[in-house]
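J.: Handing you this structure, nothing more for now.
Coordinate-derived values only; no laboratory data. Predicted model, so just to flag it, every value in this text is computed and none were measured. No Cβ is skipped: glycine too gets one built from the backbone with ideal geometry, and neighbour counts run over all protein chains shown.
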C-alpha cells in the first residue's frame with residue numbers, strides 16, 4: 001500500500017508572500033459564488049515505484065508496479081470548497097496540475113464545479129511546478145520565494161504517490177485531528193482529473209498505482225494522447241520543444257513525427273469508473289488504442305475541436321498578465337470551439353457514475369478512413385462522426401485540429417477559418433435562420449448528454465458574435 005508517511009504534515013491556510021495571492025487562482029473572487037479559497041502545504045515522504053520484476057509495459061495497460069524507494073517532499077494544494085456545507089455535493093475533484101508550459105495550469109472554476117457544489121483541489125505534484133525550467137524559471141519557488149521558497153519536489157518519480165497522498169488528505173477517511181483542508185466537509189467521493197501531459201501521468205496512475213493505492217473513486221482523463229508516462233524518470237525534465245519546426249506533412253504524419261501517438265490501453269480490470277474526453281487532435285493520436293465502452297469505461301471524442309481553444313487561451317493570457325506581468329499571444333485563427341462545456345458534462349456524468357448511478361451516455365466516434373487512417377471530413381472541412389457540439393453541427397467556420405503552422409505550439413491549437421459571405425448565404429437564410437438552427441443543435445447536444453442546460457445561453461450568445469464576425473460585422 002502507498003500513502004502518507006507517519007510524519008506527513010498539513011499546514012495552512014497559507015497566506016501572505018510577496019505577491020499576496022496563490023499562484024493560478026481564479027481571476028474573480030470565489031466568495032461571490034459562495035466558495036472559500038484556501039492554500040495548504042503538505043510535507044512528507046513519497047514512495048517511488050518501478051516496474052515489478054517480470055512485468056512489462058504491455059499494450060493492455062495491466063502494469064505491475066513495486067516500491068523502489070522514498071523521496072522527501074514539500075508541496076502545496078489549492079482548495080476551493082463551498083462555504084456552506086449544505087451546498088457541498090460530497091465530491092472532491094483532485095486536479096493533477098499540468099506543467100508543460102513551465103508553470104502550473106489548472107482550471108477549477110467552471111460552471112459545473114461552482115454551481116454543482118463540488119470541492120476542487122489543485123495539486124502540485126511535479127518538479128517543474130515548484131522549480132520551473134532551468135531557463136526562464138516560472139516555478140512557484142521563483143515566482144514568490146517568500147511564499148513558496150520552502151517547497152521542494154526532487155523529481156517526478158515521487159509524483160504518483162504524492163497524488164495518492166493528496167487524495168487521501170482530502171478524502172472521506174482523512175485525518176481530521178489536525179488541519180483539515182476541506183473544512184470538515186462530509187466527503188463521500190474523490191475523483192482524479194488530469195489533462196494533456198497530466199492525463200498521460202494519470203493513465204500510468206490508473207494502470208500501475210490505483211490498483212495498489214485504491215484512493216480514488218473515479219478518474220477523468222482530458223485531452224489524452226493515449227500514452228502513459230514512465231514510473232522512473234530520475235531528476236531530469238522531459239518536455240516538448242514547442243518551437244521546433246516539423247516540416248511539411250499532413251496532420252496524421254505530424255502526430256507521428258512528434259511521438260504523440262497512442263501506445264497503450266487503460267487497463268480493463270479496474271474496479272472504479274474511468275473516462276477519457278478527447279478533442280479531434282487526441283482522437284487522431286488515440287485511434288490505434290481506442291477502447292470500447294464497458295460498465296467501467298467511457299471514451300468520448302469531439303469533432304471539430306482542438307487541444308487548446310481560443311476562449312481558454314484568452315483566460316490563460318489574462319492570468320499570465322496578472323501573474324507574470326507580460327502578454328501571452330493568442331492566435332486569432334486558432335480553433336474557436338470551446339470544449340469546456342463538454343468537460344463539464346463529463347464531470348456531471350462522472351459524479352453520478354461514481355455514486356453508483358448510470359454511466360455517461362455512449363457517444364459515436366470520429367470517422368476515420370485509409371491506411372494510415374485519417375479523419376474523414378465533410379464538404380465544409382469538418383470531421384464527421386464523434387460528439388457534435390453545436391459549433392460543429394451548425395458552423396460558421398471550418399473548425400478542425402489542422403494547425404496553422406507545422407510546429408508543436410500550433411499543432412495543439414488547431415484552426416478555425418471563417419466562411420465567406422457567399423458560403424454563409426448558401427448555408428443560412430440570414431442571422432435569424434442561423435441562430436434558430438444553432439439553438440436546435442444545442443437542444444440535441446443537451447439531449448445527447450454532451451452539453452448541460454446552464455451552458456446553452458452562453459453558447460447562443462457567442463454564436464451570434466461568431467456569425468457577425470464571419471460576416472465582418474461588429475459583434
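J.: In degrees between 0 and 90, to the nearest 10, how far off the longest principal axis of the chain does helix 310-324 point, with axes built from Cα atoms?
T.: Value to nearest ten degrees: 40.
J.: Separate question: Counting just the Cα atoms, what span does region 60-124 cover along each of its three principal axes? Round to the nearest Å and put the largest first.
T.: 43, 30, 26
J.: Here's another thing I want to ask about it. Between 0 and 90 degrees, rounded to the nearest ten: what's the tilt of helix 431-448 against the longest Cα principal axis of the chain?
T.: For 431-448 against the chain, the angle is about 40 degrees.
J.: While we're here: State, in angstrom, two size descriptors of region 126-170 derived from its alpha carbons: Rg to one decimal place and Dmax to the nearest whole number.
T.: Here Rg and the maximum Cα pair distance are 11.5, 34 Å.
J.: With a ≥ b ≥ c taken as the square roots of the eigenvalues of the C-alpha gyration tensor of region 345-454, please select rounded if a/c is under 1.5 and otherwise prolate if a/b is larger than b/c or oblate if it is not?
T.: It is oblate, given that a/c is not under 1.5 and a/b is not larger than b/c.
J.: Right, here's the next one. Using R₀ = 56 Å, calculate the FRET efficiency as 1/(1 + (r/R₀)^6) where r is the Cβ-Cβ separation of residue 439 and residue 67; round to 0.05.
T.: Efficiency at R0 = 56 Å is approximately 0.50.
J.: When ranked by the protection proxy of mean other Cβ atoms within 10 Å per residue, highest first, what sequence do the peptides 197-206, 11-20 form?
T.: 197-206, 11-20
J.: Relative to the longest principal axis of the chain, what angle (0 to 90°, nearest 10) does the C-alpha long axis of helix 159-169 take?
T.: 80
J.: Would you kindly compute the Cα radius of gyration of region 7-74 and its largest Cα-Cα separation (Dmax), both in Å?
T.: Rg, Dmax (Cα atoms, Å): 19.4, 54.
J.: According to a simple spin-label model (label point 7 Å from Cα along Cα-to-Cβ), what is the distance in nm between residue 115 and residue 21?
T.: Going by the 7 Å Cα→Cβ label model, 2.4 nm.
J.: Given a Förster distance of 30 Å, report the FRET efficiency between residue 173 and residue 86 from their Cβ-Cβ distance, rounded to the nearest 0.05.
T.: E between residue 173 and residue 86, to the nearest 0.05, is 0.85.
J.: In addition: With the cut-off at 1.5 for a/c, could you classify region 326-398 from its C-alpha gyration tensor as rounded, prolate or oblate?
T.: oblate
J.: Rounded to the nearest 500, what is the chain's calculated 222 nm mean residue ellipticity when only DSSP H runs of at least 4 contribute -39500 (n - 2.57) each, over all residues?
T.: Computed ellipticity for the chain at 222 nm equals -8000 deg cm²/dmol.
J.: If I model a spin label at residue 417 and residue 378 as a point 7 Å from the Cα along the Cα→Cβ vector, what separation in nanometres do I get?
T.: With each label placed 7 Å out from Cα toward Cβ, I get 1.8 nm.
J.: With a cut-off of 8 Å between alpha carbons and a minimum separation of six or more residues, what is the relative contact order of region 9-366 in percent?
T.: Result for region 9-366 is 15 percent.
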